[in-house]
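A.B. asks: What follows is a structure written as structure tokens; I'll ask about it next.
The values are calculated or read from the model by the stated rules, or taken from the named source; none is laboratory data. Note that the structure is predicted; figures quoted are calculated from it, not measured. We place every Cβ from the backbone using ideal geometry, glycine too, and count neighbours over all the protein chains shown. With ligands, DNA and RNA removed, areas are computed over all heavy atoms of the protein, side chains included. Shrake-Rupley method; radii C 1.70, N 1.55, O 1.52, S 1.80 Å.
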Amino acid sequence: MRIAIVGYGRMGRAVAEAARARGHEIAATLDVADNPGGAALTAERLAGADVAIEFTAPDAAPRNIERLVEAGVPVVSGTTGWAAGLPRVAELVRRRNGALLHGSNFAVGVQLFLRAARELARAFAGRTEFDAFILEQHHARKADAPSGTALTLEQRAREGDPARPFPITSIRAGAIPGIHALTYDGPHDTVELRHTARSRDAFAAGAVAAAEWLPGRRGVFTFEDMLFGESR
């Protein structure tokens, strides 16, 4: 399979390495300097690409995805922080009979963590002696706060316990790949559910798996749809 990589920073390079390790070819790599306003994402530049994997910035992602869809290339996007633009992008995908798979986190362990968080919240529903909160930590260069994963974690927790608030605290420091924790603190004990990423490799492997799954499909999907066969 030939993969175009849009966004060739640390995440994009990890994706390229994971793709090559699985026997795929990199059809094109485009960094921010190569692609102002999505201008480089043309059918000519993307010729022969079976799918594109996009990890850029929140302000760039919607236009990048639109340009890729217009060029007829299925898109896997791991960029977070652009949820407000998703309805417009999704409408274009459907109108052009294209394919988009987006996700706040492409680590399989995170998806299982999110499911466990929903069940934990359900178990703690009505236990008013416990306060609940979310703490997420990422490297200093991460642009969005809270992270997309933290917002998804809040959503999953509220699905399990709609009556309880789940305030989020974000830390941006150092080179932390990503830590997310859902904590319940009571007068006598504390319960914590935590996911710690040790490197970007888990995210890259998940993005490549999504890129293998998407071609031939039409519509808008999430990473959870791919893993569990569900529409949310």
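A.B. asks: For D189 and E44, what does the FRET efficiency come to when R0 = 35 Å and r is the distance between their Cβ atoms, rounded to the nearest 0.05? Intermediate results must be reported in sequence, preceding the final value.
C.D. replies: Values: r = 62 Å, r/R0 = 1.76.
Plugging the Cβ-Cβ distance into 1/(1 + (r/R0)^6) gives 0.05.
A.B. asks: Oh, and also: Return the inverse of the average 1/r over all pairs of distinct C-alpha atoms in region 1-46, which is the Kirkwood hydrodynamic radius, in Å to one decimal.
C.D. replies: Its Kirkwood hydrodynamic radius stands at 10.9 Å.
A.B. asks: What FRET efficiency would be calculated for the residue pair R122, D34, taking the C-beta separation as r and a Förster radius of 35 Å, to the nearest 0.05? Write down the numbers at each step before the final one.
C.D. replies: On the way: r = 47 Å, r/R0 = 1.34.
It comes out at approximately 0.15.
A.B. asks: What are the principal axis extents of the Cα atoms in region 22-81, in Å, biggest first?
C.D. replies: 30, 25, 20
A.B. asks: Hey, rough spin-label estimate for M1 and A163, points 7 angstrom out along Cα→Cβ, what's it come to in nanometres?
C.D. replies: 4.5 nm
A.B. asks: Would you please name the GluC sites (Glu not before Pro) within region 124-169 that are DSSP coil residues with at most 13 other C-beta atoms within 10 Å of their C-beta?
C.D. replies: E129
A.B. asks: Let me ask something else. Taking the Cβ-Cβ separation of I176 and R94 as r and a Förster radius of 30 Å, what is the calculated FRET efficiency to the nearest 0.05?
C.D. replies: Calculated transfer efficiency: 0.20.
A.B. asks: Shifting gears a bit: Hey, how many Å between the Cα centroid of region 95-126 and the Cα centroid of region 39-77?
C.D. replies: Measuring centre to centre over Cα atoms gives 24 Å.
A.B. asks: While we're on this one: Per-residue HN-Hα couplings for region 195-207, Karplus 6.51 cos²θ - 1.76 cosθ + 1.60 at θ = phi - 60°, whole Hz, x for Gly and Pro?
C.D. replies: 10, 10, 8, 8, 6, 6, 4, 5, 5, 5, 4, x, 5
A.B. asks: Taking region 8-52, which GluC sites (Glu not before Pro) meet the DSSP loop condition and have no more than 11 other C-beta atoms within 10 Å?
C.D. replies: Of the GluC sites (Glu not before Pro), the ones in loops of region 8-52 whose Cβ has at most 11 other Cβ atoms within 10 Å are E44.
A.B. asks: When the accessible area of the chain is split by element with a 1.4 Å probe, what percent falls to carbon and sulfur?
C.D. replies: Roughly 51 percent, rounded to a whole number.
A.B. asks: May I ask for the net charge around D161, where only other residues with Cβ less than 12 Å from the Cβ of D161 are counted and Lys, Arg are +1 while Asp, Glu are -1?
C.D. replies: So the environment of D161 carries a net charge of +3.
A.B. asks: I would also like to ask the following. Assuming a ≥ b ≥ c are the square roots of the Cα gyration tensor eigenvalues, decide whether region 192-232 counts as rounded (a/c under 1.5), prolate (otherwise, with a/b larger than b/c) or oblate.
C.D. replies: Numbers: a/c = 3.85, a/b = 1.56, b/c = 2.47.
The shape class here is oblate.
A.B. asks: Can I ask one more? What is region 139-232 by shape, rounded, prolate or oblate, if you read a ≥ b ≥ c off the alpha carbon gyration tensor as root eigenvalues and call it rounded for a/c under 1.5, prolate for a/b larger than b/c, and oblate otherwise?
C.D. replies: Oblate, because a/c is 1.5 or more while a/b does not exceed b/c.
A.B. asks: Around A49, what is the net charge, scoring Lys/Arg as +1 and Asp/Glu as -1 over all other residues with Cβ under 10 Å from its Cβ?
C.D. replies: 0
A.B. asks: Hey, what number do you get for the chain at 222 nm if only DSSP H runs of n ≥ 4 count, each worth -39500 (n - 2.57), divided across all residues, to the nearest 500?
C.D. replies: So the calculated ellipticity at 222 nm is -10500 deg cm²/dmol.
A.B. asks: Collect residues whose amide H, placed 1.01 Å from N in the peptide plane, falls under 5 Å from the amide H of I26; neighbours closer than 5 in sequence don't count.
C.D. replies: Hits under the 5 Å cutoff: I3.
A.B. asks: Let me ask something else about it. Sorted by accessible area with a 1.4 angstrom probe, largest first, how do R95, R218, R158, R115 fall?
C.D. replies: Ranking R95, R218, R158, R115 by accessible area, largest first, yields R95, R218, R158, R115.
A.B. asks: Where does each of 162-169, 72-79 land if you order them by average Cβ count within 10 Å, highest first?
C.D. replies: 72-79, 162-169
A.B. asks: Per residue, how big is the convex hull of region 88-199 when only Cα atoms are used? Give it in Å³.
C.D. replies: On the way: hull volume 14.5 nm³, N = 112.
That works out to 130 Å³ per residue.
A.B. asks: Using alpha carbons only, what's the Rg to Rh ratio of the chain with Rh from Kirkwood?
C.D. replies: Ratio of gyration radius to Kirkwood radius: 1.00.
A.B. asks: Running a GNM on the chain with Cα contacts under 10 Å, which residue among R217, R127, R96 ends up with the highest mean-square fluctuation?
C.D. replies: Between R217, R127, R96, it is R127 that shows the largest mean-square fluctuation.
A.B. asks: Quick one: which residues, 5+ away or cross-chain, put their amide H under 5 Å from the amide H of A99? H built at 1.01 Å from N.
C.D. replies: The list, which skips near neighbours in sequence, is V75, G219.
A.B. asks: Turning to a different aspect of this structure: Helix 148-160: angle to the longest alpha-carbon principal axis of the chain, degrees 0 to 90, nearest 10?
C.D. replies: That works out to roughly 50 degrees.
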